[in-house]
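A short worksheet on the structure shown next.
What follows draws every value from the coordinates through simple rules; no lab data is involved. Being a predicted model, the structure only gives us computed values, none of them experimental. Heads up, the Cβs are rebuilt from the backbone with ideal geometry, glycines too, and the neighbour counts pull from every protein chain shown.
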Amino acid sequence: MLIDNKGKRNAFSRDCLTKDPDPMYKTETSLITGDMKLNEETSIPVGTRALILSKLYYSVLSKNLENLDVERYYSILNFLYENNGCNQQYICNNLAIDKTAMVKVIDYLIKAGFVDRNVNPEDRREHFIVLTKKGLKQTEEIVNSFKALDEEIFEGITPEDRDTFEAVLTHLTSHLKQMPSTDLFFNYKKTGRKKRKQIATSQVK
């Protein structure tokens with residue numbers, strides 16, 4: 001789901017939920033679900049392809065990490081693993097997350113027992129985010145899962161092509177950062193369908 005910096009669904013997310021999908025959206029959905037093959041002549045914007053890739057990527061990652069005590073914000077924990085104790089704004093700047101949304105993310109991780117938010121005694125406006133003992137242990141599993149998944153999806157791709165792909169992503173990201181934009185927050189959450197199905201089954205019994 002796409003959420004703006006005021007916590008409201010943006011137009012894209014709202015339209016997908018409330019309106020009949022147009023043929024373009026049906027094509028995108030099919031690419032995600034595998035219901036049909038994508039027409040090679042269909043033109044899909046690079047941002048939409050990136051969104052599809054991201055959804056698929058984090059769906060697999062989430063499945064691999066379903067034994068953990070958190071079900072989202074893996075990227076932030078992965079970043080903290082190598083930048084443990086950095087300030088909150090540093091995370092926002094590097095992961096392109098709005099600072100208002102970041103407060104809610106950190107609140108969630110604190111409640112889960114993964115991080116602590118420490119106030120800088122010299123500047124109380126600054127907060128340092130530190131992984132707890134529990135957070136450090138489970139984040140190590142997250143880091144390893146990211147690495148393993150990256151290696152698996154790049155299987156069959158030459159190191160040169162992988163380097164080119166990552167260089168192009170870096171270039172596109174840098175270019176987009178210079179353009180006027182609206183703050184959006186990608187908050188991938190499990191659908192809960194499996195849980196609802198289990199409840200329905202138990203009621204039948």
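Side notes on the structure shown:
- Difference of contour (0.36 nm per residue) and Cα-Cα distance, Ile44 to Asn67: 4.8 nm
- From least to most packed, judged by other beta carbons within 10 angstrom and beginning with the fewest, Ile157, Ile142, Ile97 follow the order Ile157, Ile97, Ile142.
- Computed from the C-alpha gyration tensor, the three semi-axes of the ellipsoid equivalent to segment 59-138 are 22, 14, 11 Å, from longest to shortest.
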